[in-house]
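What follows is a single structure, written as structure tokens, with notes after it.
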Amino acid sequence: MINIFRILGDFSHLASIGILIHTVATTIAIDGISLKTQVLYCLVFLTRYMDLLTLHWVSFYNTLMKLFFIGSSVYIVVLIQSFQKKNPIAYKEMVMNDTFNIKVLLGGALFMSLILHHKFTVLELMWSFSVWLECVAILPQLFMLSKSGKAQSLTIHYIFALGVYRFLYIFNWIWRYYSEGKWDRIAVLAGIIQTLLYSDFFYIYYRKVIRGGPFELPH
């Protein structure tokens, strides 16, 4: 059942994607943007929404959002990759700074999906894998920002909107538990962990952006 927290969370998620696409499409630089994080998000949506192939219909809203997240995540990766020709210097600099070892994240998500899942089927294992991978997909981006210490304004707004989306989904789960008596232990646990990963960023965003002053992450 759709509730206000899910709607606000989804729109915050849409806003984060819109900010990122606008940043990459309208500038000649991609400073502070992690391609690895975007590839991970692309993998998250491709594995999570495999049920589209089964033609399982939940609602028009649900299907539309799934198609949008898959399409936009692929488009963002392609857009960033286009900088190899558009601005090879900026692309090379981004790759040099984007050094987080994502094999650890992929292996960890796979391990967790084999331990915690609803059913031992291909679709359910892929769904569980996507949830655990989304939980940590932002780490290459945060690691990249912590290395440089600075970021473009639109990039940090993108991360903030993404964090707000995840934070609002916690209230969505609470709402569903009290109104429907349902809750998903895998999604809730992974969502809480993911929100905690944003905690330092939220604090710095509040101090430096909302209250004024340059945004700078600790090294």
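The values are calculated or read from the model by the stated rules, or taken from the named source; none is laboratory data. Quantities reported herein were computed from a predicted structural model and do not represent experimental measurements. Please note: Cβ atoms are built from the backbone with ideal geometry, for glycine as well, and neighbour counts cover all protein chains shown. Each accessible area value is taken on the protein alone, full model and side chains, heavy atoms only, with ligands, DNA and RNA left out. Shrake-Rupley method; radii C 1.70, N 1.55, O 1.52, S 1.80 Å.
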### Task
Take the residues in region 62-73 that are without any contact (Cβ under 8 Å) to a residue 24 or more places away in the chain and open to solvent by 30 Å² or more (accessible area, probe 1.4 Å), then tell me which one is nearest to T37 (Cα to Cα).
G71
### Task
Within region 125-138, identify whether any single residue is open to solvent by 40 Å² or more (accessible area, probe 1.4 Å), under 22 Å from D184 (Cα atoms), in contact (Cβ under 8 Å) with a residue 40 or more places away in the chain and of a type outside the set (D, E), and answer yes or no.
yes
### Task
Look at region 1-17 and say how many of its residues are of a type outside the set (A, V, I, L, M) and within 17 Å of Q141 (Cβ to Cβ).
3
### Query
Which helices (runs of 4 or more DSSP H) sit wholly inside region 8-121 and have at least 2 residues that are basic (K, R)?
35-48, 83-86
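Yes/no matrix, rows are residues, columns are (1) over 18 Å from L145 (Cα atoms); (2) hydroxyl-bearing (S, T, Y):
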| site | (1), (2) |
| --- | --- |
| L8 | yes, no |
| R48 | yes, no |
| I70 | yes, no |
| S82 | yes, yes |
| E93 | no, no |
| K103 | yes, no |
### Query
Is there any pair with a first residue in region 173-190 that is farther than 15 Å from E134 by Cα and without any contact (Cβ under 8 Å) to a residue 12 or more places away in the chain and a second that is open to solvent by 40 Å² or more (accessible area, probe 1.4 Å) and part of a helix (DSSP H, G or I) whose Cβ atoms are under 6 Å apart and which are 6 or more apart or on different chains, and what are they?
K182/R176; W183/Y177
### Query
In region 74-89, how many residues are open to solvent by less than 90 Å² (accessible area, probe 1.4 Å) and either touching a residue at least 12 places away in the same chain (Cβ under 8 Å) or touching a Gly at 6+ places or on another chain (Cβ under 6 Å) (or both)?
8
